[in-house]
Structures are given as C-alpha cells and as structure tokens.
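Down below is the structure, laid out as structure tokens.
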Amino acid sequence: MRRILLLCFLSLAACASVELGARSALVGDWHYHDQAQTCHYLFQSDGRFSGEVTMQSKLVSKFTGRWSVQGDRLLYVYASDALHRIPVGATDSDRLLKIEKNWFMIEAADGSHRRYERGR
C-alpha cells in the first residue's frame, strides 16, 4: 500500500513540475498570424493575460483574463473584452503540443495547429 501511495505522490509531483515548467516557459509576449487572422497574447507570471485578435486587419477582440496550465492544456478564463465579443467568465482551452524557448505550438478547439512566436 505504501508503494502505491508513493507512486501516486511521485506521479503527481512530476505532473506539477511539468506544469510549472510549461507555465514559466509561456510567460511573455506571443504572436501568431495566418492569412486571415493575427493574435497577440501577453502571459504574465501572476496568472493574468491580455491580448487581441484581428481578422482581415480589423480588430475583433481585445481581452483580459487569467491563464493556467493543467497537464497539456493551456486554460483561459476571460475577465473582459473591450468589444464585448467574449462574455466575462467565459472559458477556453488549447492543447499544448510543444514549447520551445522562442515558440510554442497549440492545437485549438477546432483542431487547427497554431505556432506562436515570442515577441521581440
């Protein structure tokens, strides 16, 4: 029984360290763009984030909220949207596929893959 508890504890500790590592790696200024949209996120170390999305060069959302990492998920809870497109308290998540020093890749809810580059 003690071995099982020890294995469970070690597994949880490993997951926590992966999440903390992913969280610290994501702190900073990030940008993504494709032919239709541009996204900008600023993830702060205290768990706050802000960002904006443009479609065809037109601002469609400018938001703030709280962010976290749980396992391989990047989670968002929205606190405001200047253009009132995202309701206060709305949640979203992306699957983290890979994190490197200057970029990270997600799988969005629609299944698309997006590579965010660190801001300069």
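The values are calculated or read from the model by the stated rules, or taken from the named source; none is laboratory data. Since the structure is predicted, the reported quantities are computational estimates derived from the model, not experimental observations. When we count neighbours, we look across all protein chains shown, and the Cβ atoms used for this are built from the backbone with ideal geometry, even at glycine.
Just so you know, in the stretch 106-117 the residues that are closer than 20 Å to Val77 by Cα and either touching a His at 6+ places or on another chain (Cβ under 9 Å) or of a type in the set (S, T, N, Q) (or both) include one that is surrounded by the fewest Cβ atoms within 10 Å (Cβ to Cβ), and it is Glu107.
Restricting to the stretch 1-57, name every residue that is under 19 Å from Val69 (Cα atoms), among the charged types (D, E, K, R) and at pLDDT below 70. Correct list: Glu19 only. Picking from residues in the stretch 80-105 that are closer than 16 Å to His31 by Cβ and out of contact with any Lys or Arg (no Cβ under 6 Å at 6 or more places or on another chain), the one that is surrounded by the fewest Cβ atoms within 10 Å (Cβ to Cβ) is Lys101.
Residues in the stretch 79-108 that are in contact (Cβ under 8 Å) with a residue 12 or more places away in the chain, more than 12 Å from the chain's Cα centre (by Cα) and closer than 17 Å to Val53 by Cα: Ala79, Ser80, Asp81, Ala82, Leu83, Arg85, Ile86, Ala90.
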